[in-house]
Amino acid sequence: MAAPNSALRAHQELLAYWAGLRARRGGLPGRRDIDPVCFKRHLPTVTLTEVRRDPADYRLRLAGTGLYGVYGREITGLSVDQVYAGPEAAYWRSELHGVVESRRPAVGTRVLDWRDGGRLALLWLRLPLASDGETVDMILGYDSVLGLNEPPSGVRAA
């Protein structure tokens with residue numbers, strides 16, 4: 001899937017911001033190190049996901065206002081299993097688990113069936129955060145929403 005340059009730039013900017021924090025701290029940055037003013041134009045599709053253990057769970061502590069239109073509801077405070085069903089929840093649990101275990105950023109694309117039979121694509125970025133610099137306890141996410149409300153065929157209306 002070809003992503004617009006603006007989406008790729010946004011991902012590069014957030015990754016560079018995170019990497020700068022990591023270099024200054026000498027370990028993974030924590031939630032307290034994040035200053036939203038530094039990336040305020042990206043806030044509408046930013047998420048902060050809390051990592052829970054025993055049992056393993058991922059809960060959205062913050063979801064930008066731009067994501068309301070994607071999910072059709074407020075998702076702040078919900079777990080991955082409350083936001084997604086079945087295979088989609090399993091996909092996100094697996095991706096988030098990978099970030100937690102590797103302690104490294106992850107990026108990917110995901111095509112979602114959307115309301116009215118349309119589809120949308122997310123170009124997503126997940127960045128590990130650790131209060132103690134080591135153990136991932138939050139994940140900073142950013143989603144570029146692409147192809148909103150396109151017909152299932154992928155053909156855009158003229």
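Restricting region 52-64 to residues that are of a type in the set (A, V, I, L, M) and closer than 16 Å to L125 by Cα leaves a set whose member that is surrounded by the most Cβ atoms within 10 Å (Cβ to Cβ) is A63. Cβ-Cβ distances below 8 Å connect the following pairs, each with a first residue in region 83-108 that is under 17 Å from R59 (Cβ atoms) and touching a residue at least 24 places away in the same chain (Cβ under 8 Å), a second residue that is of a type in the set (F, W, Y) and in a loop (DSSP other than H, G, I, E, B), and a separation of six or more residues or different chains: W92/Y84.
Each residue in region 72-91 was checked for being touching a helix residue (DSSP H, G or I) at 6+ places or on another chain (Cβ under 7 Å) and surrounded by 15 or more Cβ atoms within 10 Å (Cβ to Cβ), and 6 of them qualify. T45 falls short on exactly one of the conditions (1) more than 15 Å from M138 (Cβ to Cβ); (2) surrounded by fewer than 13 Cβ atoms within 10 Å (Cβ to Cβ); (3) of a type outside the set (D, E), and that condition is (2). For region 19-77, filtered to residues that are of a type in the set (V, I, T) and assigned to a helix (DSSP H, G or I), the residue that is modelled with the lowest pLDDT is V70.
The values are calculated or read from the model by the stated rules, or taken from the named source; none is laboratory data. As the structure is a computational prediction, the values presented were derived from the model and not from experiment. Note that each Cβ is placed from the backbone with ideal geometry, even for glycine, and that neighbours are counted across all protein chains shown.
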